[in-house]
Structure formats: C-alpha cells, structure tokens
Amino acid sequence: MNERETNARLLAPPFTLRARILTPLDSGGTAYFADGRLEVGVDGRIASVGDWPLVTSRETEQEVVDLRPMLLLPGLVDLHAHLPQLPNAGLGAGLDLLTWLDRYIFPLERGFDEGVANALAPQAFRAFAAAGTTTAVLYGAVYESSLDACFAAAEAHGIRAVIGKVMMDRLRYDPSVEDSEVLDLSLRQSQNLIERWHGRDDGRLLYAVTPRFAVSCSAEMLRESAALAAATGAYWQTHLAEDRHEIDEVRELFPDAIDYTDVYDRAGGLGPRALLGHAIHLSQREIDRLAETKTRVAHCPSSNLFLASGAMPLARYLEAGICVGLGTDVAAGPDLSMFSVMRAGAYTQSGLRTMLSETRPVLAPLDWLRLGSLDGARALGLDDRFGSLERGKEADFICVDPSVTAPLPGQETDDPADLMSRLIYRGRPDMVRGAWVRGRLLDT
Ligand SMILES: [Zn+2]
C-alpha cells in the first residue's frame with residue numbers, strides 16, 4: 001500500500017491502526033501497548049483497543065494501517081483559550097494582566113467581527129488540531145455574528161468545541177451599544193447562539209455562557225448569565241483570581257462579597273457546569289467551596305508564568321478534590337500546545353517545592369497526560385464520551401512521533417513514563433502527526 005492509499009484510509013472510519021498506544025484509564029492508572037491495536041468502527045467509536053495481533057472485526061480487517069513506531073494518545077483537551085487573541089500570542093511579555101488586556105487584547109477583540117472571524121477561525125482550528133488538541137473550550141468576542149462564524153468554522157473543521165460570546169457590561173470595547181441596553185442584548189444574543197449551536201452534531205459543538213470576569217461584569221450580569229446557563233444546560237465559564245491587582249479591583253467592586261469566589265457563588269455560578277480559568281490566589285475557604293460545589297478549574301500555567309500572575313498550588317487543589325483540567329489561555333499563554341502547558345505546569349510545581357515550601361510531591365509525566373486529556377473531558381462532564389482510548393468511547397486521538405524528541409539519534413525510549421516525559425520536556429511542534437475526532441482526520 002503506498003502512502004497515498006494509507007493516508008486515504010486514515011481519513012474516516014472504519015480502520016484499524018497498529019502503533020504504540022498510551023492512554024489513561026477511567027478506572028485509574030494508565031495502559032500502554034508497545035505493539036498495540038486501535039480499532040475504530042464505522043460509527044467513529046473505539047471498537048477495540050489492546051495488544052496486536054488480536055483479531056479485529058470483519059468491518060475493519062481490510063483497513064489496517066501500520067503506524068509503528070508512532071505513538072497514539074487520546075486527543076488533548078484545551079479547557080481555556082481565547083479565539084480572537086491568537087494573532088497576538090507571544091506578545092506583551094512583562095506586562096501585568098490589566099495593562100496587557102488594554103494594550104494587546106481589547107483592540108484585537110474589538111476588531112474580531114464576523115468578517116475577521118470568517119477569515120481567522122478556520123485557521124485557528126487547524127492550528128489547534130496541529131498542536132494535538134481535539135477539544136477546545138473557547139472565549140469569542142462580544143459580537144453575535146462573529147460567534148456564528150466561529151461555530152460554523154468549528155462545524156466544518158470537525159474539531160470538538162465549546163464556545164461562548166464574551167459578556168461585559170463594564171470596561172466594554174463595543175461603544176455602539178448603550179449602557180442601558182447591554183445586559184438585555186448580551187443575554188438575548190447568548191440565548192440565540194445557544195438555540196442555534198448548543199448540542200449541534202450530536203453534541204460535538206456546545207455553548208458556554210461567558211461573562212468575562214468580575215471586573216467587567218455587574219452583579220446582575222453575573223447572576224443573569226448563570227441563570228441562563230442553568231436554564232439551558234449550557235456551561236458557564238469565566239476567570240477567577242488570576243492576578244493580585246484584579247483581586248483588589250474585585251474587592252472594591254463587590255464590597256459585600258466574602259472573597260472573589262463568593263462573587264460568583266452569590267451569582268449562582270458555581271457548580272459542575274462552571275469552568276473557572278486560573279483560580280490561582282485562593283484562600284482555604286475558597287478551595288473548600290470550589291470542591292464542595294464541584295466547580296471545575298482550568299489550570300493555565302504557561303499563561304500564569306507569561307503574565308507573572310502567580311503559581312497555582314495544583315497539588316493542594318487535587319488533594320482537596322477539585323476537578324482540574326489544563327488550558328493554554330492563548331494569547332496570555334504563548335503557545336497552543338498542551339504539551340507546553342504540561343511543561344509549564346510541571347516547572348511551576350517544581351518551583352513551588354523548591355522556592356515556596358510546598359511539600360506535596362510533584363506530579364509525574366503520566367499524571368500530566370491524564371490532566372490534559374481525561375481530566376479535561378471529566379471537567380466537561382463528557383469523560384464517558386472521550387478523553388481516553390477505551391472501548392465504546394468516541395475515537396478522539398492523536399498520533400505523535402516520539403523519535404523527534406530524542407536528544408540523539410538512537411536514544412529513544414519505550415517506557416511509557418519516559419515517552420511522556422520526553423513529549424513534555426522536549427516537545428516540538430512537528431511531533432504531532434495527526435489528530436482525529438470521532439475517527440475523522442482533522443485538517444491541520
Ligand atoms: Zn483567559
């Protein structure tokens with residue numbers, strides 16, 4: 001079979017892949033098959049996974065593609081990123097959050113209208129897939145038609161996406177709307193988008209009601225947005241306790257709240273459908289409250305280092321029972337790669353131990369794989385559908401070439417933890433060779 005025929009077989013199921021396979025498991029722990037088999041049925045679900053050469057079903061036996069020595073991993077879940085901000089990724093290092101937003105971000109978001117979204121969103125989804133991300137949870141801009149363009153691009157591309165129109169009724173960048181109208185308009189537009197897109201393509205596209213953060217939203221907007229999410233089953237996403245200046249502003253804006261987390265609690269926002277970005281600077285009370293309400297946290301360590309926002313005590317949150325996934329927070333995070341996020345997270349944990357007296361053990365490479373895949377799906381309440389390579393799940397997976405991460409030719413490893421360690425600490429953009437959602441190869 002020549003390369004073209006091979007590639008054609010990989011475009012859509014059914015097929016069976018022979019490769020190295022590494023995946024976290026729903027039941028805990030990790031499975032590794034040094035010579036493995038991933039069988040994807042015509043329905044886009046994993047029909048079987050295990051050691052080669054166990055018998056495959058008749059459906060896929062004609063469609064075997066040998067990808068050895070490539071490695072298959074579950075598709076990565078980016079739990080927090082900003083679609084309009086991609087063009088400025090990597091710019092503005094050294095600024096604090098609020099200055100950086102003013103200088104590099106709001107001008108970009110202001111211009112992200114339908115036309116710009118039509119041009120940029122398809123490129124953005126290809127870039128996410130090229131980095132190994134098969135599920136992206138995204139903030140858009142404030143314009144309804146711009147969000148339609150983003151959803152349409154995601155629908156056409158094939159990536160899994162949760163997207164929301166940013167809601168702001170303070171410090172806004174859209175002067176065409178009167179102050180007195182912005183709350184009602186923003187709610188109505190969000191509702192329209194939910195009706196059009198939430199659950200589209202059997203749940204591949206989902207909506208997140210997206211008040212930006214407490215600095216740019218009134219108490220009423222926070223409350224009404226949480227009510228809209230609860231009434232429609234959409235997610236509710238925002239930012240929490242990213243930066244010290246931001247926390248000071250929130251204290252002044254919401255003097256009655258016990259702390260920042262309480263601002264969202266009073267709005268009715270906390271719970272298993274809430275995705276809170278960052279959540280770095282929290283008191284024990286806030287940590288306990290997030291755990292108690294089963295609120296999800298999107299940990300964005302590369303962003304936190306880039307903007308010098310702080311170091312999230314991840315091990316402490318996990319010990320408290322908070323469900324945490326990983327996010328790039330592009331463009332505050334400079335890189336779309338979730339492997340880069342894992343690296344930044346691992347260095348942050350090392351820094352907490354060496355410089356800030358953290359005594360809890362650091363996470364191991366396979367823990368980071370779980371955080372970037374299965375735990376991201378769990379944060380979305382969708383771990384029964386994807387996040388690991390297990391029979392019956394939808395076939396969201398990526399193919400990586402670990403050989404490019406070896407320091408010298410011939411110095412490759414076949415140990416699962418070592419393989420993952422190299423992907424995290426010596427990752428390269430070109431190591432991701434393909435990304436599939438429901439067994440369909442994504443454009444990169
Ligand atoms: Zn963010």
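Among the residues of segment 237-251, those identified as under 17 Å from L276 (Cα atoms), away from the ligand (no atom under 11 Å from the Cβ) and modelled with pLDDT of 95 or more are A241, I247, V250. Among the candidates A234, A279, A230, A291, the residue that is surrounded by 24 or more Cβ atoms within 10 Å (Cβ to Cβ) and more than 16 Å from the ligand (Cβ to nearest atom) is uniquely A234. Considering every residue within segment 404-411, establish whether at least one is assigned to a helix (DSSP H, G or I) and open to solvent by 10 Å² or more (accessible area, probe 1.4 Å). Yes, the conditions are met somewhere in segment 404-411. Scanning segment 405-417 for residues that are under 25 Å from the mean Cα position of the chain (by Cα) and among the aliphatic types (A, V, I, L, M) turns up just one, A417.
Does any residue of segment 160-171 turn out to be in a helix (DSSP H, G or I) and either open to solvent by less than 20 Å² (accessible area, probe 1.4 Å) or among the small types (G, A, S) (or both)? Steps first, please.
Initial filter on segment 160-171 (in a helix (DSSP H, G or I)): none.
No.
Test L79 against the criterion of being aliphatic (A, V, I, L, M), modelled with pLDDT of 95 or more and touching a helix residue (DSSP H, G or I) at 6+ places or on another chain (Cβ under 7 Å), and give yes or no. Talk me through it step by step, then tell me what you get.
Working: aliphatic (A, V, I, L, M): yes; modelled with pLDDT of 95 or more: yes; touching a helix residue (DSSP H, G or I) at 6+ places or on another chain (Cβ under 7 Å): yes.
So L79 fits the description; yes.
In this structure, is A315 open to solvent by 10 Å² or more (accessible area, probe 1.4 Å), out of contact with any helix residue (DSSP H, G or I) (no Cβ under 8 Å at 6 or more places or on another chain) and not in a strand (DSSP E or B)? Against the criterion (open to solvent by 10 Å² or more (accessible area, probe 1.4 Å), out of contact with any helix residue (DSSP H, G or I) (no Cβ under 8 Å at 6 or more places or on another chain) and not in a strand (DSSP E or B)), A315 does not qualify.
Of all residues in segment 71-106, those being within 15 Å of the ligand (Cβ to nearest atom) and under 19 Å from the mean Cα position of the chain (by Cα) number 11.
For A274, are the conditions met, namely being away from the ligand (no atom under 15 Å from the Cβ) and either small (G, A, S) or open to solvent by less than 40 Å² (accessible area, probe 1.4 Å) (or both)? No: the conditions fail for A274.
Quick one: which of D335, D329 is within 16 Å of the ligand (Cβ to nearest atom), open to solvent by less than 20 Å² (accessible area, probe 1.4 Å) and of a type in the set (D, E)?
Values: D335 fails: open to solvent by less than 20 Å² (accessible area, probe 1.4 Å).
Going through D335, D329 in turn, the sole match is D329.
Of the residues screened, Y347 is one that is within 30 Å of D430 (Cα to Cα) and more than 16 Å from the ligand (Cβ to nearest atom). The combined condition, being within 16 Å of the ligand (Cβ to nearest atom) and either touching a residue at least 60 places away in the same chain (Cβ under 8 Å) or part of a loop (DSSP other than H, G, I, E, B) (or both), is not fulfilled by L305. If you go through segment 173-184 and pick out every residue that is crowded, with 17+ Cβ neighbours inside 10 Å and without any contact (Cβ under 8 Å) to a residue 60 or more places away in the chain, you end up with 2.
Residue check: F112 meets all listed conditions (1) assigned to a loop (DSSP other than H, G, I, E, B); (2) in contact (Cβ under 8 Å) with a residue 60 or more places away in the chain; (3) on the phi < 0 side of the Ramachandran plot but one, namely (2).
Kindly provide the set of residues from segment 108-137 that are open to solvent by less than 10 Å² (accessible area, probe 1.4 Å) and either closer than 19 Å to Y173 by Cα or not aliphatic (A, V, I, L, M) (or both), ordered by number. Within segment 108-137, E109, F112, A117, F125, F128, G132, T133, T134, T135 meet the criteria.
One residue stands out among those in segment 415-429 that are in contact with a strand residue (DSSP E or B) (Cβ under 9 Å, 6 or more places away or on another chain) and without any contact (Cβ under 8 Å) to a residue 60 or more places away in the chain: the one that is surrounded by the most Cβ atoms within 10 Å (Cβ to Cβ), which is A417.
The values are calculated or read from the model by the stated rules, or taken from the named source; none is laboratory data. This is a predicted model, so every value here is computed, not measured. For neighbour counting, all protein chains shown are included, and Cβ atoms are generated from backbone atoms with ideal geometry for every residue, glycine included. Please note that ligands, DNA and RNA were not included when accessible areas were found on the heavy atoms of the full protein model with its side chains. Shrake-Rupley method; radii C 1.70, N 1.55, O 1.52, S 1.80 Å.
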